[in-house]
Amino acid sequence: MNDRNRHPDRNRPSQGNPGPGPDGLSDGRLVEVHSQLARDKEEPREGFSLTPIVIVFIFCGFGFWGGLYLTRNSGNFASTAFDVNAPKAAASAGPIEFEPDAAKGEKLFVAQCAACHQPTGLGVPGAFPPLAGSPWVAGNEERLIKAVLAGLAGEIEVKGVKYNANMPNIGAGLKDAQVAHIATYVRQAWGNTAGPVMDSQVAVVRKAIGARGQYVPADLLKEHPLETK
Ligand code: HEC
């Protein structure tokens, strides 16, 4: 018999005769039952079992997968989506839409184009063709964008007058938005009434034509004939 199985009663001073206890169990029987109970209990074992660790890993894995799933499939679900008090900007932080701005276009025109075409848009007779009332400016936006991006060289007829000079590729050094503002301005100034030009249109044309030399006006007309009114 070892210490573990010692009945607490045993610590009491011996009363001599180990007869039946108050519940009718003899001391010997008590010890027997006790030691059996003690044996049935699982003893702590040395080393460790793999199972709990595997389970921990599985749970971590689930947590990780859940996180990944939410990041990928939350559809930009913002915590402020249903918060009526949240500032508007937080909810609509999408790409900023381009606004063609004729006022910005006018400033850019004065700096980039007016030296030749004049602030009046009337040009200089015999040297620089007019933009006011020019069919090259109205109608198809691509024709105008191409002229501004790549420039023009060769014979051109504007409002019944022939010119043969050289316009540099001003737009190559400007941003898409700047070209769009200028184009919008010249299409709407001096009594011109064509629609605005978007920066995305400029971007598309810039990509399509790449870095190239000036257009010969007749070639540009093959791509975009003047609209007949
Ligand atoms: C250095 C002078 C010069 C500058 C600066 C210049 N142009 Fe021109 N532009 C010309 C000349 C010259 C022509 C005619 C080209 C030819 O003879 O082939 C022309 C032709 C044009 C045409 C087609 C003909 C017409 O009159 O409609 C447009 C449109 C045009 N320019 C717009 C612009 C815009 C917009 C700018 C500013 C971004 C600009 N140009 C800057 C000299 C210039």
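Observations, loosely collected:
- Conditions (1) within 7 Å of the ligand (Cβ to nearest atom); (2) surrounded by fewer than 21 Cβ atoms within 10 Å (Cβ to Cβ); (3) touching a residue at least 24 places away in the same chain (Cβ under 8 Å); number of the one not met by L144: (2)
- All positions within the range 123-134 that are open to solvent by 40 Å² or more (accessible area, probe 1.4 Å) and either near the ligand (Cβ under 6 Å from one of its atoms) or touching a residue at least 24 places away in the same chain (Cβ under 8 Å) (or both): P125, G126, F128
One line per residue, one yes/no per condition, for (1) among the hydroxyl-bearing types (S, T, Y); (2) in contact with a strand residue (DSSP E or B) (Cβ under 9 Å, 6 or more places away or on another chain):
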{"site": "F98", "(1), (2)": "no, no"}
{"site": "D101", "(1), (2)": "no, no"}
{"site": "G105", "(1), (2)": "no, no"}
{"site": "L108", "(1), (2)": "no, no"}
{"site": "S134", "(1), (2)": "yes, yes"}
{"site": "L144", "(1), (2)": "no, no"}
{"site": "E155", "(1), (2)": "no, yes"}
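The values are calculated or read from the model by the stated rules, or taken from the named source; none is laboratory data. What you see is a predicted model; the values in this text were computed from it and never measured. Here Cβ is always computed from backbone atoms with ideal geometry, including for glycine, and neighbour counts include all displayed protein chains. We work out accessible area using only protein heavy atoms, side chains counted, and drop any ligands, DNA or RNA first. Shrake-Rupley method; radii C 1.70, N 1.55, O 1.52, S 1.80 Å.
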